[in-house]
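First up is the structure itself, then whatever we jot down about it.
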Amino acid sequence: MNAIPQLPPMGAAALRLAPLAPLSFVAARFARSLGRRHPALFARLGEEADKIFLIDPTDLPLAFRLLPRPEAPRLEAVRREAAGSWDARVAGPLAALIGLVHGAYDGDALFFSRDLVIEGDTSAVLALRNAIDNEEMDLAHEAAALFGPFESLARRPALELAAFAARWTGVALTRPGQGTRE
Amino acid sequence: MTAPRSIELICPAGTPAALRGAVEAGAHAVYCGFNDETNARNFPGLNFSREEMAEAIKFAHNHGAKVLVALNTFPRAGTFWRWSKAVDDCARFGADAVILADLGLLDYAARRDCGLRLHLSVQAAAANADAINFYARTFGVKRVVLPRVLTVQEIAAINREIDAETEVFIFGGLCVMAEGRCSLSSYATGKSPNMNGACSPASHVEYREAGGHLVSRLGGFAINRVAAGQPAPYPTLCKGVFEAGDYKGHVFEDPVSLDAAALIPQLNEAGVTALKIEGRQRSRAYTEAVVRSFRRALDDHAAGRPIAAGDLRALTEGQQTTSGAYRKTWR
């Protein structure tokens, strides 16, 4: 496996200074949109949907609390030291975590190579990993969907922004092979 | 050497997405299971609902691939209906074959005579010609998945004496025990792949990072402690580290995965009909990469070209591979 890109320190430093409220606002809308667009993801989680997940990008100065409740999924940005209690923690470089969503990496392989750390409820982590893998999501397309009726207008700028961010950070924000295709 | 016979590539799918990935990457057939204890990969978030299975079979058939459904656990007393219903549903959905291990279920499927091809699972641990001929004669089993304990020469000897096809594992996680009879997981967790469909079930696994070391616990027992930078294994007892006398290490087997790509010509000569990739618990990314690599290898072999070495080590447990029992060089 090729080395997993790390977010440049400048990007991490900028996020360290950034207020969390706007990020949490976008994250909350993102989670609700996922709930509408990917109901099968939550169905596949089964009883593990009641758990609290800490998604912990180790090259960022913050983490995300995910509560994948089918009726009202929640995602919020938190400082690591104030993350509160959780049932399961998944930690690794941001590029690895996003690569799992995009099917660029295999979760077991990342675990074997120690690029991914799992703590807490292993069943919950497996269920989340398998549910996400089956959805074949593209985060840039999901971001465009936040614009509701203007999704089709937002898609191209979202893909171009994702491509620009990927060039700068090394973190691929679209599924492999998708590029800026619509 | 005789001309290569055509060999089928049998590929894993733990989710509908993985099935589509396998088919698009060149699988001749895909094996998968329902999302319950009727199959030996009963993991959280994995496998197919009834609706997903029906759709997956249609998708595969539309793309020229077969679907083999694994119903390869052993029904407990009073729960046989769950397994027999699974057989009925496979017939209803148009599956190409069911992969069975239990004698009662084989008998049910044979008497039901619903057009399903019967394959004998590796879980049945049929490792000699007499056992295989019994299954073929009694239940009409058409194909046997051979246990991963045989050499290429033993496989050739079996094929000379049987009237059924054989399928062997070519890549993936390596079970070193007699499958269907291993109780190591039961000792630590009370649950086994044979009865519950999961070896070392995730519900009994705990990982903890301490000072750069990764400590794995199974059923409350510490079974491994891996230093920083060292590859991590699956949390199974057979890959655990133990002390025995003056020895401390992997008592049963090192964390290592099977890769027998280099033996495709010999397995072909030995009369094997199909090569099976392990890994229904893995992602679509794994499935696509491995299937594509082995389909290329089979196409090269069929065309008389040398088989190019694929590098799939990064995807493997222990980040290293072995040809397993096919070449008996184990300690």
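D for chain B, whole µm²/s, Stokes-Einstein with Kirkwood Rh over alpha-carbon pairs at 25 °C and 0.890 mPa s: what number? Please report the intermediate quantities before stating the final value.
Numbers: Rh = 20.3 Å.
In µm²/s, the coefficient rounds to 121.
Using only alpha carbon pairs under 8 Å that are at least six residues apart, calculate the relative contact order of chain A and give it in whole percent.
Working: 308 pairs, mean separation 41.6, N = 182.
23 percent.
Principal semi-axes of the equivalent ellipsoid, √(5λ) from the alpha carbon gyration tensor of the range B:1-131, are 23, 20, 14 Å from largest down.
Dividing the alpha-carbon Rg of the protein assembly as shown by 2.2 N^0.38 Å yields what?
0.99
Only Cα pairs under 8 Å and 6+ residues apart enter the sum, and on that basis the relative contact order of the range A:83-182 stands at 29 percent.
Solvent-accessible area of B:E8, all protein chains in place: 40 Å² (probe radius 1.4 Å, heavy atoms, ligands and nucleic acids excluded).
Per residue of peptide B:275-285, the mean number of Cβ atoms on other chains within 10 Å of the residue Cβ is 4. The charge dipole of the range B:216-324, taken about the Cα centre with unit charges on the Cβ atoms of Lys, Arg (+1) and Asp, Glu (-1), comes to about 420 debye, rounded to the nearest 20. Peptide A:132-141 has a mean of 4 when you count, residue by residue, the C-beta atoms of other protein chains within 10 Å of its C-beta.
Before rounding to the nearest 500, sum -39500 (n - 2.57) across all DSSP H runs of length at least 4 in the protein assembly as shown and divide by the residue total; then give [θ] at 222 nm in deg cm²/dmol.
About -11000 deg cm²/dmol.
Under a Gaussian network description of chain B, with springs only between Cα atoms under 10 Å, the residue in B:H61, B:H119, B:H213 that fluctuates furthest is B:H213. The alpha carbons of the range A:9-136 stretch over 37, 34, 26 Å along the principal axes, in descending order.
Summed over both chains, the area buried between B and A is near 2600 Å², taken from the accessible surface of protein heavy atoms with a 1.4 Å probe. Taking a ≥ b ≥ c as the square roots of the eigenvalues of the alpha-carbon gyration tensor, the range B:194-250 is classed oblate because a/c is 1.5 or more while a/b is no larger than b/c.
Please compute the per residue accessible area over the range B:175-229 with all protein chains in place, 1.4 Å probe, rounded to a whole number of Å². Mind showing how you got there, number by number?
On the way: 2500 Å² over 55 residues.
It amounts to 45 Å² per residue over the range B:175-229.
With contacts taken as Cα pairs under 8 Å at a separation of at least 6 residues, chain B carries a relative contact order of 21 percent. By the Cα gyration tensor, the range B:224-331 has an equivalent ellipsoid whose semi-axes, rounded to whole angstrom, run 30, 17, 11 from largest to smallest.
Largest GNM mean-square fluctuation among B:R117, B:R20, B:R137, using chain B with Cα springs under 10 Å: B:R137. Mean-square fluctuations from a GNM of chain B, with a 10 angstrom spring cutoff on Cα atoms, peak among B:S283, B:S186, B:S203 at B:S203.
The values are calculated or read from the model by the stated rules, or taken from the named source; none is laboratory data. If you're wondering where the values come from, they're calculated on a predicted model, not measured in any experiment. A quick note on method: Cβ atoms are made from the backbone with ideal geometry, for glycine too, and the neighbour counts reach across all protein chains shown. Surface accessibility is based on the protein's heavy atoms, side chains included, excluding ligands, DNA and RNA. Shrake-Rupley method; radii C 1.70, N 1.55, O 1.52, S 1.80 Å.
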